[in-house]
Amino acid sequence: MLLSAQHNILPALLLHSTSRSSLCGCAAVAPDFAGGYDADKMDALVARGELEASLMQGTSALLEAPASLEPDSAGYDKAKGKRGKKSKRAKRPMKSSLAAQSSHALRQEGVVRLSGVLSASTAANLRSEILERRAAAYTEVDGGADWREHFADVLLKSNRCDLLLPLGGQRGVQMALRELLVGRGGGGSSAALLHTLLRDSLGDDASLYELSALVSEPGSPRQPVHPDNPYQPRAPLLTCFVALQPVMPMMGPTTFLPRTHTAEAHAAFEGGVTSRDALLSTSPHVVACLDAGDASLFDSRTMHCGGANDAEAGGTRVLFYCSFRNPNAEAPVGNVGSLHASIKAKPITLRELRAKLSMLRDDDPQLDPFNESLEEAEALTRYRRDAERGESAAQFNLAMCYRRGEGIEQDDALAFGWFMLAAEAELALGQTQVGFCFYLGQGVQKDEVEASRWFGRAAEQGEVNAQHNLGICYSQGVGVTKDLHRAAELLQSAAAQGHQGAAVALVQVMHEISTSRGAL
């Protein structure tokens, strides 16, 4: 979906993006990826993982609420392990009880097993698609492409990768998500248990935060135990790992520590090495040995780790996974999710995702509800027509199309020209973008004075990104004379409108003001 003139789209100036440092996934090291790989640190993490393995003696199977709840067609009571009489009650699938008990187990334990959420054929097709995509990505990286376009930047990369998956053009991914979130055959009587649990826990406004595949080859080491997120009162994410082939003990299945999604467990984990070791040596743990199509659904605060894939007896382990962000969780998530750039550019909620997945048809493999090229082409035609008529919002949107290469060849110079027309028509967003172009030298010669001037025009209209950017300029003397008090005014105004970058920068500016007063 293309942007409208009401969207705030300017990236925060001079603020560094956060790279994901948690250990829940691992970017590939074959071929040799440059950047973010510290051999000494990796060796220390491997050693730590091995030490933790010695502390955590004994294992048990991953908790499985669903398997004990739904009788088969012959009236076999899996909870009791015996056959009973064929009663009407025994023949009915107890879906409500299944979801309720799974939800209860998830809340209490922090992790639950979901059996058979994908059919064997869907799991096999997706596994093949993922491995083919990984091979193509390796080839591109070998040819000089930036590996970050294909893989997440996470630790312990040896013999592992965290392969980012787009939605568009990936039939296997789409069909798997349809089974997981809509139901087999697109819905009907086979409603998806995973969707029920996500909806009841997070709501349909939860946003897709991660969509990726963890691939572990024989020889990959055990990870240290970790939570994906620091403790906070509400679970920031729910994550589902789906096995695309049987995950045997020698393949390094995920180990979970149930009931460690609590404040007390996190306090012990963060309380130093002695406290952490005591927690690991005394906490029960379960191992996710799964069949193809089985899944583990867990609260992202729950502690876990990937196991070591045996160099001799292991095999290629592929886990498909997705995470959804809790819209009611107020604290920061704590990591940058493993999500392809195409999805980050156009965030999608659980409700929106299910609507698109419901459009898929088994008899039409060419249908791709995530291919927006036709929609973009139609929008581009409309924007160009209205822009040429002098409509500033259309000029802004056409400029964005040129900047991003959406429906047309990317061209920074043409983008700047259309932004300038919108800015001269007093569209605040256009003025902000003109300032941004001057600041970066994008489509026009770099000029920090002009950048600050255009930020100023937009800031006068109350445009939050312009206020933030101009505040940064004043705080650092970029294109203007440094003025910390003016910077504080602008940043405070932007922060009051909910701009998080401005709130962070304001704290830094106020500290500098206080320090300068103290020096006097």
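The values are calculated or read from the model by the stated rules, or taken from the named source; none is laboratory data. No experiment lies behind these values; they were computed from the predicted model shown. Positions of Cβ are generated from backbone atoms using ideal geometry, with glycine treated the same way; all protein chains shown enter the neighbour counts.
A few comments on the model shown:
- If you go through the range 246-257 and keep only what is assigned to a loop (DSSP other than H, G, I, E, B) and surrounded by fewer than 23 Cβ atoms within 10 Å (Cβ to Cβ), you end up with Pro246, Met248.
- Scope the range 229-245; condition touching a Leu at 6+ places or on another chain (Cβ under 7 Å) and either within 16 Å of Val287 (Cβ to Cβ) or not in a strand (DSSP E or B) (or both); matching residues: Asn229, Phe241, Ala243, Leu244
Yes/no matrix, rows are residues, columns are (1) closer than 30 Å to Gly390 by Cα; (2) hydrophobic (A, V, I, L, M, F, W, C):
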{"site": "Lys446", "(1), (2)": "yes, no"}
{"site": "Gln492", "(1), (2)": "no, no"}
{"site": "Val504", "(1), (2)": "no, yes"}
{"site": "Gln508", "(1), (2)": "no, no"}
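- Selection status of Ser296, touching a helix residue (DSSP H, G or I) at 6+ places or on another chain (Cβ under 6 Å), polar (S, T, N, Q) and not in a loop (DSSP other than H, G, I, E, B): no
- Search result, residues across the range 425-470 that are of a type in the set (S, T, N, Q), assigned to a helix (DSSP H, G or I) and surrounded by fewer than 17 Cβ atoms within 10 Å (Cβ to Cβ): none
- Scanning the range 340-373 for residues that are surrounded by fewer than 17 Cβ atoms within 10 Å (Cβ to Cβ), farther than 16 Å from Gly169 by Cβ and among the basic types (Lys, Arg) yields Lys344, Arg351, Arg361.
A quick yes/no check of all residues on (1) touching a residue at least 40 places away in the same chain (Cβ under 8 Å); (2) touching a Gly at 6+ places or on another chain (Cβ under 7 Å); (3) part of a helix (DSSP H, G or I):
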position	(1), (2), (3)
Ala267	no, no, yes
Gly337	yes, no, no
Ser342	yes, yes, yes
Lys346	yes, no, no
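- Residue within the range 195-207 that is in contact with a Cys (Cβ under 7 Å, 6 or more places away or on another chain) and assigned by TED's automatic domain parsing to the domain that holds Asp299 present: no
- Which numbered condition Ala425 misses (of (1) of a type outside the set (Lys, Arg); (2) at pLDDT 95 or above; (3) over 30 Å from Arg384 (Cα atoms)): (3)
- Among the candidates Ser119, Ser115, Ser128, the residue that is at pLDDT 50 or above, closer than 30 Å to Ala265 by Cα and of a type in the set (Ser, Thr, Tyr) is uniquely Ser115.
- Residue count for the range 188-228, restricted to those that are hydrophobic (A, V, I, L, M, F, W, C), part of a helix (DSSP H, G or I) and within 20 Å of the chain's Cα centre (by Cα): 4
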